[in-house]
Amino acid sequence: MAKRKKEVFDWETEEQEEIIWVSKSEIKRDAEALKRLGEKLVNLTKTNLDKIPLDETLLDAIALAQRVQKEARRRQLQYIGKLLRNTDVEPIQEALDKIENKHNQQQAMLHKLELLRDELITKGDDALADLLTDYPQIERQHLRNLIRAAQKEKEQNKPPKAYREIYQYLKETILEE
């Protein structure tokens, strides 16, 4: 058998083009990342899914993946990943990040309200004065009554009804801004 001659490229005479070699592993990592993005999309609710710019075939594939289970779901996620390879995923990822970040911001705000409530109960009127400078729309007397009731409940080991009411009141007034 005769050996074939390898083609010899004369790089000097041809136009210099940048050739990007992509490894098979990198292609697989990219495909896995797109599949994970597709899984995040499948786990979204209908209202959040409407906020993301998706084409019709991708929406249909996601809707089907939400209905099926087990092996069919896995195959559908593979298909969604394949569809995502042919689309620009940057706007999709940005919209998904906004949705996830909004949830994280809301959780942080609720935790802040819990800490504020605990501070109001322990410090009393001093913390209330600080709160009123930041949020003047809060009813001073109503909140003061709730704080005193919560302090009394805590002393007498009663169920924390006023404790919960303070949180609900803060949530309603501060988050409405």
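With the simple spin-label model, which puts each label point 7 Å out from Cα in the Cβ direction, the ASN86 to LYS70 separation comes to 3.0 nm.
Computed from Cα atoms, the angle from the helix 140-156 axis to the main principal axis of the chain rounds to 90 degrees.
As a calculated quantity, the FRET efficiency between VAL22 and GLN93 at R0 = 22 Å, using C-beta atoms, amounts to about 0.60. One decimal place: the segment GLU176-HIS103 gains 24.6 nm when fully extended, by the rule 0.36 nm per residue minus the C-alpha distance. Taking Rg/Rh (Cα atoms, Kirkwood Rh) as the quantity of interest, determine which of [x] 0.95; [y] 0.98; [z] 1.32 was computed from the displayed structure. Checking each listed value against the structure points to [z].
Axis angle, to the nearest 10 degrees, between helix 70-85 and the longest C-alpha principal axis of the chain: 70 degrees.
Site pair THR45 and GLU155 shows an inter-label distance of 4.2 nm when each label is modelled 7 Å from Cα along Cα→Cβ.
Label positions at ASN145 and LEU115, each projected 7 Å from the Cα along the C-beta direction, are separated by 3.0 nm. Please determine, in degrees from 0 to 90 and to the nearest 10, the orientation of helix 24-42 with respect to the longest principal axis defined by the Cα atoms of the chain, where the helix direction is its Cα long axis. Value to nearest ten degrees: 40. For a Förster distance of 41 Å, can you work out the FRET efficiency between the beta-carbons of ALA31 and ARG164, rounded to the nearest 0.05? Plugging the Cβ-Cβ distance into 1/(1 + (r/R0)^6) gives 0.25.
Quick note: the coordinates plus some simple rules give every number you see, no bench work behind them. Remember, it's a predicted structure, so these values are computed and weren't measured experimentally. As a convention, Cβ positions derive from the backbone with ideal geometry for all residues, glycine included, and neighbour counts pool all protein chains shown.
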